[in-house]
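What follows draws every value from the coordinates through simple rules; no lab data is involved. None of these values were measured; they are calculated from a predicted model. We place every Cβ from the backbone using ideal geometry, glycine too, and count neighbours over all the protein chains shown.
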Amino acid sequence: MFTDAQTETHGAQLTGTATPIVFKDGQLDAAINKAQAKLLNLQSEKGYWVFDLEADCTIPAEYIMMMHYLGDIDEPLQAKMANYLRSRQSADGSYPLFTHGPGEISCSVKVYFALKLAGDSIDASHMTRLREWILKQGGAAKANVFTRIALAIFKQLPWRGVPFIPPEIMLFPKWFPFHLDKVSYWSRTVMVPLFILCSKRAVAKNPKNVDILELFVTHPDEEKHYFPERTFLNKIFLGLDKLGRAVEPYIPAVLHQKAIDKAHDWFVERLNGEDGLGCIFPAMVNAYEALLLLGYPKNHERVVTARKAIDLMLVDQGDMVFCQPCVSPVWDTGLTALALEEVDKQGNAQALTKAFDWLKSVQLSDEPGDWRVSRPTLAGGGWAFQYANPHYPDVDDTAVVAFAMAQSDLPGLDESIHRAANWIEGMQSKNGGYGAFDADNTYYYLNEIPFADHGALLDPPTADVSARCAMAMAKAGTDKGLYGEALQRTIDYLRSEQEKDGSWFGRWGTNYVYGTWSVLLGLEQTSLPKTDPMYLKAVNYLKSMQRNDGGWGEDNYSYHDESYSGKYEFSTAFQTAWAVLGLMAAGEARSAEVKKGIDFILKTQQADGVWNDPCFTAPGFPRVFYLKYHGYDKFFPLWALARYRNELNKK
């Protein structure tokens, strides 16, 4: 993806020497003021900020498929979604998982099916190119498990082409090798209603009787390679899968119904009103379809609300519509608050107070939550990622919000800060790190089950989340003697996770630049000296990745190939902001590299005060699912410019 010359540019070491700081009169202040004004104007009346969250074309394709599953098709909406899908096609005919990424077979199959359902002729040029690309990859049989389940529901392949996932899993004891508590929150919420759909062999209404048999190299009834063996452990699980299918007819009906009932009760408890099951689109659709399959009438309150939750995810862009995978108001509000605090705490006190009042109103306390399985005596105090998701508070969001509150110097926040910090402290995993939603969710062998061909079944500790937890605990507890032991364990964990080149892996943002920025900001709040090797190695890494234009950029392809760490074909404002924020946290504010990075941010600012980076900004699941946070190119560059101005003003 890069030429030799580009690779050499990414690897070039810069001098690191201080340089005279020269700007045009008022340039820095003017840029900050424009960006700040834009952000303040985007604050909601309730106090939060929320920006669109865009995924790859899988999500809108699945929405179209959902309408045809139900036989309830909104033709104008479908036409707008089809416009969106056509606009995202790559030159080779395929559909990637992220901007400028390689084509991906599962996404491409779903888009082809969705467009054909929407009425596109298979002879249209975009469909011909897409079909030819899919066939060159081995055809639709090579798609992932989730895609094959959807195809089985539409009778496009036999049920033997999907994993055996019976509802009886709900009855497994906790000591059993597979148990719901052993997988991530997103896996649970997706899987449980799926147990019902697969067990009852759900059948799509498909009123137009559309098929996609032309996408199979071998007829789906004759295909023998739906489950290629990956590892020895995977081979064992495939054997258990076959055994399960063999004994399924002998499971007593009473036991089977008990399992169905338990699956129903589990996801109904978590339906979460208009915010939806888990607040994530795949789980919400599965729950909606499972309710109908179980006999709920369409006008039942649960069904109506479940559908409304799904439709609230739609983003209408005029002649195009896409569907968000989830929404991010708490995350967006916390990060925007950090940027505005850096600009002017006192001047922005009114907007910040309004934001924190809203955040206090959605802070969780003693609500039921799956995290309590491993921490039953821990008091609540976290925040979810979304407007409301009480079963699943997010450790990362909680750390960001608690830190923003703690450094705001505003009154009336101490109780919220320390409830959050206490909860964070209690959610620490055994290795000193933090996962996003659960503690010690590290049953790695489960990634080898046939259902987990995406490799994203778990929620283990990661450096980026752990660093923000360190940041929050240090800020909230430094002058009070609190959280010291947990903080030291987190620092030790971060030391163990640093890569040989000085970077850290970024689980929730792209990628090593994000991970490294996250850790440096976290370490800055601790007493660790900036002469520590962790700092020095990280600084060298970031400087070595700066591009000739002064910016930084990293491709999501670095999740597929580590040699692309810190590299992209162009720089982005938000990743440049991460890099310079990280360098400034390490004491490099007056370095030549930071000055060049700031220059890049200044020259790429738009007339409306913000930036416009077209690329995706984060993984939902590395190598499988990626996201574009539409707020990242609005608040991160502002944060970097303001921090730079503040550093220059220090004596």
Q: For the range 283-294, just list the computed ³J(HN,Hα) in residue order, Karplus coefficients 6.51, -1.76 and 1.60, θ = phi - 60°, integers in Hz, with x standing in for Gly and Pro.
A: 5, 5, 5, 4, 5, 4, 5, 5, 4, 5, 5, 7
Q. How large is Rg over Rh for the range 507-593, taking Rg from the Cα atoms and Rh as the Kirkwood inverse mean of 1/r across Cα pairs?
A. 0.96
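Greater than 27 Å separation of Cα atoms is the criterion. Which listed pairs, LYS182/LYS500; LYS200/LYS298; LYS258/LYS298; LYS142/LYS205; LYS116/LYS155, meet it? Please report the intermediate quantities before stating the final value.
Working: LYS182/LYS500 31 Å; LYS200/LYS298 19 Å; LYS258/LYS298 24 Å; LYS142/LYS205 25 Å; LYS116/LYS155 15 Å.
Checking Cα-Cα distances, LYS182/LYS500 exceed 27 Å.
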Q) Counting only residues 5 or more places away or on other chains, whose amide H sits under 5 Å from the amide H of VAL321 once H atoms are built in the peptide plane? A) MET81, TYR84
Q | Geometric extent, Cα atoms of the range 410-502 - Rg, Dmax (angstrom) | A | 15.4, 52
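Treating the beta-carbon of each Lys and Arg as +1 and of each Asp and Glu as -1, no other charges, what is the dipole magnitude of the chain about its Cα centre, to the nearest 20 debye? It would help to have the intermediate numbers written out before the result.
Values: 65 positive and 79 negative charges, 95 e Å.
Taking the Cα centre of the chain as origin, the dipole is about 460 debye.
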Q.
With +1 on the Cβ of every Lys and Arg and -1 on the Cβ of every Asp and Glu, and nothing else charged, how large is the dipole of the range 420-486 about its Cα centre, in debye rounded to the nearest 20?
A. 300
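As a footprinting exposure proxy, order GLU342, GLU54 by other Cβ within 10 Å, with the fewest listed first. If you can, show how the numbers build up before the last one.
Numbers: GLU342 23, GLU54 20.
Going from sparsest to densest Cβ surroundings: GLU54, GLU342.
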Q: Mind giving me the nanometre distance, one decimal, between the label points for GLN350 and GLU415, set 7 Å out from Cα along Cα→Cβ?
A: 2.7
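Report the extension gain between ASN649 and LEU255 in nm, rounded to one decimal, defined as 0.36 nm multiplied by the number of residues separating them, less their alpha carbon distance. Could you put the intermediate results ahead of the total?
On the way: separation 394, 0.36 × 394 = 141.84 nm, distance 7.06 nm.
Between ASN649 and LEU255, full extension yields an extra 134.8 nm.
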(Q) Quick check: the angle from helix 301-311's long axis to the longest principal axis of the chain, C-alpha only, nearest 10 degrees? (A) 50
Q: Extending each Cα 7 Å along its Cβ direction at LYS360 and HIS560, get the distance between those two points in nm, one decimal.
A: 4.8
Q. About the Cα centre of the range 103-218, what is the dipole size in debye to 20, counting +1 per Lys and Arg Cβ and -1 per Asp and Glu Cβ, all else neutral?
A. 240
Q: Quick one: which residues, 5 or more positions from GLY620 or on another chain, have an amide H under 5 Å from its amide H? H modelled 1.01 Å from N in the peptide plane, none for Pro or chain starts.
A: PHE625, TYR626, LEU627
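Could you list the trypsin sites (Lys or Arg not before Pro) in the range 37-85 that lie in coil according to DSSP, counting only those with at most 16 other Cβ atoms within 10 Å of their Cβ?
Here the sparse-neighbourhood loop sites are LYS46.
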Q: Along Cα→Cβ, 7 Å out, is where each label goes; now give me the distance between the ones at ARG245 and LEU312 in nm to one decimal.
A: 4.0
Q) Toward the positive end of the charge dipole of the range 455-605, about the Cα centre and with charges on Cβ (Lys, Arg +1; Asp, Glu -1), which of THR531, SER496, TYR557 goes farthest? A) THR531
Q | the chain: calculated mean residue ellipticity at 222 nm from DSSP helix runs of at least 4, using -39500 (n - 2.57) | A | -15000 deg cm²/dmol
Q.
Run the reach check for LYS650 against lysines, Cα to Cα strictly under 18 Å, same-chain hits fewer than 8 apart removed. What comes back?
A. LYS345, LYS530, LYS595
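Would the range 260-406 count as rounded, prolate or oblate if I go by the C-alpha gyration tensor, calling it rounded below 1.5 in a/c and otherwise prolate when a/b exceeds b/c, oblate otherwise?
oblate
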Q. With axes computed from alpha carbons, what is the tilt in degrees of helix 533-544 against the longest principal axis of the chain, rounded to the nearest 10 within 0 to 90?
A. 80
